[in-house]
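Right, one structure below, let's go through it.
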Amino acid sequence: MLLRWFTAISLFVLFLLPVTAVHAQRYDEAVDCQSRNYGYTRCDVPWRDARLVRQLSDTRCIRGQNWGIDRRGLWVDRGCGGTFTPAGRGDDGYGGGGGWRPGPGWDNRFAISCASQNYQYNFCGVDLGGGGRAYLDRQTSGSPCIEGRTWGYNRAGVWVVQGCAGVFGIDRRWR
């Protein structure tokens, strides 16, 4: 009788413990990953890239600021919580073609301003697409803007640091 009570209480306590890591077993599964008490949480996924498909938190989730993915998996921080799925399918060897394609007008050129305030890192989010690129149209700071050193870009946007500020041309391309 005592063993039965001990087992029941142990199972009850086990299910009450917070889960700090989530594991995705297949590439096509969605994963809920949430920052608890505004803390850093890592969710173990086998993906190379992720996409936020549903926000679960009151805190706005912004890629590169309070969520992202790296070699060790998906991470969330500072209150971000959401449902994530693999991104980049069809481009990264996972198979499948995805299915979503952008509408007309996706492939175009436009400009954004991005500035490093007080010599601090700043990320200006803009979707460049898989084949897009950014370039410095006009420098607006007294500090040098050197690609790869004080500014750069990735698929998600443009980053600046060490006082670099400028108007950046965006050549957005789907492929």
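The values are calculated or read from the model by the stated rules, or taken from the named source; none is laboratory data. Note that the coordinates shown come from a computational prediction; the quantities given were computed from them, not determined experimentally. Reconstructed Cβ throughout: ideal geometry from the backbone, glycine too, with neighbour counts over all protein chains shown.
Summary table below
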{"item": "Segment 107-137, subset under 18 Å from the mean Cα position of the chain (by Cα) and assigned to a strand (DSSP E or B), residue nearest to R173 (Cα to Cα)", "result": "G125"}
{"item": "In segment 76-101, the residues that are under 13 Å from the mean Cα position of the chain (by Cα), part of a loop (DSSP other than H, G, I, E, B) and modelled with pLDDT of 90 or more", "result": "D77, C80"}
{"item": "Residue that is nearest to G129 (Cα to Cα), among those in segment 39-75 that are aromatic (F, W, Y) and at pLDDT 90 or above", "result": "W67"}
{"item": "Residue list for segment 141-172, restricted to those being farther than 22 Å from D49 by Cα and acidic (D, E)", "result": "E147"}
{"item": "Search result, residues across segment 70-80 that are over 19 Å from Y121 (Cβ atoms) and either outside the structural domain of N37 (by TED's automatic domain parsing) or crowded, with 17+ Cβ neighbours inside 10 Å (or both)", "result": "G73, L74, V76, G79"}
